[in-house]
Amino acid sequence: MKILAIESSCDETAAAVVEDGTNILSNVINTQIELHKLYGGVVPEIASRKHIENISAVVDKALDDCNLTFEDIDAVAVTYGPGLVGALLVGVSYAKGLSYSLDKPLIPVHHIKGHICANYLENPDFKPPFICLVASGGHSHIIYVKSYFEYDVIAKTNDDAAGEAFDKVSRVLGFGYPGGPQIQKAAESGNKYAINFPRVNMGSNGFDFSFSGVKTSVLNYIHNAEQKGIEINKNDIAASFQQAVVDVLSDHLIKAAEQYCVDRIALAGGVASNIPLRETISDKAAEKKFEFCYPRSILCTDNAAMIGCAGFYEYQNGNIADLSLNAYANLDI
Ligand code: KG4
Ligand code: ZN
């Protein structure tokens with residue numbers, strides 16, 4: 001089954017063709033990062049307008065790249081939430097138009113399920129049940145993936161998402177947007193033990209996240225140093241901040257896996273590209289004898305291949321939408 005998938009929930013206009021949920025035939029991503037960089041973060045109205053300008057060419061390229069035409073496609077899958085509602089609406093409207101004109105099924109896909117399914121693209125032998133840490137610019141969740149169709153959220157963030165904290169700290173350090181890769185790079189030349197930023201555990205089970213405290217702590221550290229006329233070492237701040245976030249994310253993931261008695265763990269979302277995070281979890285997983293999967297970077301960031309994979313399982317589960325499908329900024333998994 002060949003699924004044409006569309007993703008437009010934030011600042012990437014993406015389309016892909018995925019066969020049988022595992023085989024990526026094409027994967028086109030048009031990123032707007034350079035444009036949003038000018039404003040220090042994603043401007044929703046600009047994102048929506050750019051999606052409208054780009055979507056036809058991105059979908060055409062996804063088909064061209066695998067020498068297919070619209071007639072060769074068996075279904076259209078689209079991200080319908082959560083995300084920026086104006087941005088989502090562009091993909092949803094386009095997918096509805098395609099589904100109607102081609103008379104092919106329309107499959108609605110939850111963005112976070114898409115991120116999780118990127119692991120099946122990375123390693124088709126990696127199967128549920130497993131515990132997945134989803135960390136991106138908009139989300140920080142720990143999810144118990146019971147089967148290809150069943151997802152239980154066991155932890156969330158109480159405030160900022162992990163990627164959002166990377167982006168905000170990067171902005172105050174003057175590194176710009178998106179912050180994750182820049183903080184990671186600066187951290188390579190810094191001392192991660194230089195400053196002891198807080199590690200916070202929240203919620204009744206201690207698995208929930210809170211990243212606003214560590215972000216404020218970085219801001220206070222910089223502010224105090226400025227007031228006292230002390231020169232700051234940006235690389236040390238980046239390394240110490242990154243370590244605080246990595247410690248919390250990895251601890252919660254491992255503890256959740258132990259509590260839920262699974263022996264497989266996974267990463268997903270933009271922050272899953274973070275190398276110290278991957279290495280830390282990899283070490284802990286080896287210690288505990290857990291199987292550990294994480295998608296390559298191009299499948300961690302927002303992309304449509306992951307939506308094509310998730311769409312395959314949604315279709316198998318009978319989840320087909322009609323033309324009343326809407327876009328939702330907030331959407332439970
Ligand atoms: O999944 P994604 O592309 O978009 C959302 O759904 O949000 O994630 C983007 C987020 C940004 O906050 C970005 O700073 C973060 O992922 N990110 C990273 C790294 N690469 C991207 N965070 C830490 N380390 C990285 N290497
Ligand atoms: Zn995402």
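Data overview
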item: Leading residue by the ranking (surrounded by the fewest Cβ atoms within 10 Å (Cβ to Cβ)) among those in the range 150-191 that are outside any loop (DSSP other than H, G, I, E, B), touching a Lys or Arg at 6+ places or on another chain (Cβ under 9 Å) and of a type outside the set (Asp, Glu); result: Val172
item: The lone exception for Asn220 - which of (1) assigned to a loop (DSSP other than H, G, I, E, B); (2) away from ligand 2 (no atom under 16 Å from the Cβ) it fails; result: (1)
item: Any chance Gly91 is crowded, with 18+ Cβ neighbours inside 10 Å, at pLDDT 95 or above and within 16 Å of ligand 1 (Cβ to nearest atom); result: yes
item: Filter pass, Ala272 being within 13 Å of ligand 2 (Cβ to nearest atom), closer than 17 Å to Ile131 by Cα, within 19 Å of the chain's Cα centre (by Cα) and crowded, with 24+ Cβ neighbours inside 10 Å; result: yes
item: Residues that are in contact with a strand residue (DSSP E or B) (Cβ under 7 Å, 6 or more places away or on another chain), surrounded by 20 or more Cβ atoms within 10 Å (Cβ to Cβ) and hydrophobic (A, V, I, L, M, F, W, C), drawn from the range 26-62; result: Val28, Ile55, Val58, Val59, Ala62
item: Inter-residue pairs, beta-carbon under 8 Å, first of a type in the set (S, T, N, Q) and in the range 268-288, second within 16 Å of ligand 2 (Cβ to nearest atom), 6+ apart; result: Ser273/Gly180; Ser273/Pro181; Ser273/Ser297; Ser273/Cys300; Ser273/Thr301; Asn274/Gly180
item: Residue tally, condition closer than 18 Å to Ile55 by Cα and either surrounded by fewer than 18 Cβ atoms within 10 Å (Cβ to Cβ) or at pLDDT below 95 (or both), over the range 99-123; result: 3
item: Unmet criterion (only one of (1) in contact with a helix residue (DSSP H, G or I) (Cβ under 8 Å, 6 or more places away or on another chain); (2) more than 16 Å from ligand 1 (Cβ to nearest atom)) for Met202; result: (1)
item: Qualifying positions in the range 1-43 - within 12 Å of ligand 1 (Cβ to nearest atom) and within 14 Å of Asp60 (Cβ to Cβ); result: Ala14
item: Selection status of Ala256, small (Gly, Ala, Ser), crowded, with 16+ Cβ neighbours inside 10 Å, over 19 Å from the mean Cα position of the chain (by Cα) and in the same structural domain as Ser170 (by TED's automatic domain parsing); result: yes
item: Residue ranges of helices (runs of 4 or more DSSP H) in the range 248-333 with at least 3 members more than 16 Å from ligand 1 (Cβ to nearest atom); result: 275-288, 305-316
item: Qualifying residues in the range 84-136 (those that are among the basic types (Lys, Arg) and touching a strand residue (DSSP E or B) at 6+ places or on another chain (Cβ under 7 Å)) - the one farthest from ligand 2 (Cβ to nearest atom); result: Lys104
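The values are calculated or read from the model by the stated rules, or taken from the named source; none is laboratory data. The structure presented is a predicted model; accordingly, all values stated were derived computationally and were not measured. Please note: Cβ atoms are built from the backbone with ideal geometry, for glycine as well, and neighbour counts cover all protein chains shown.
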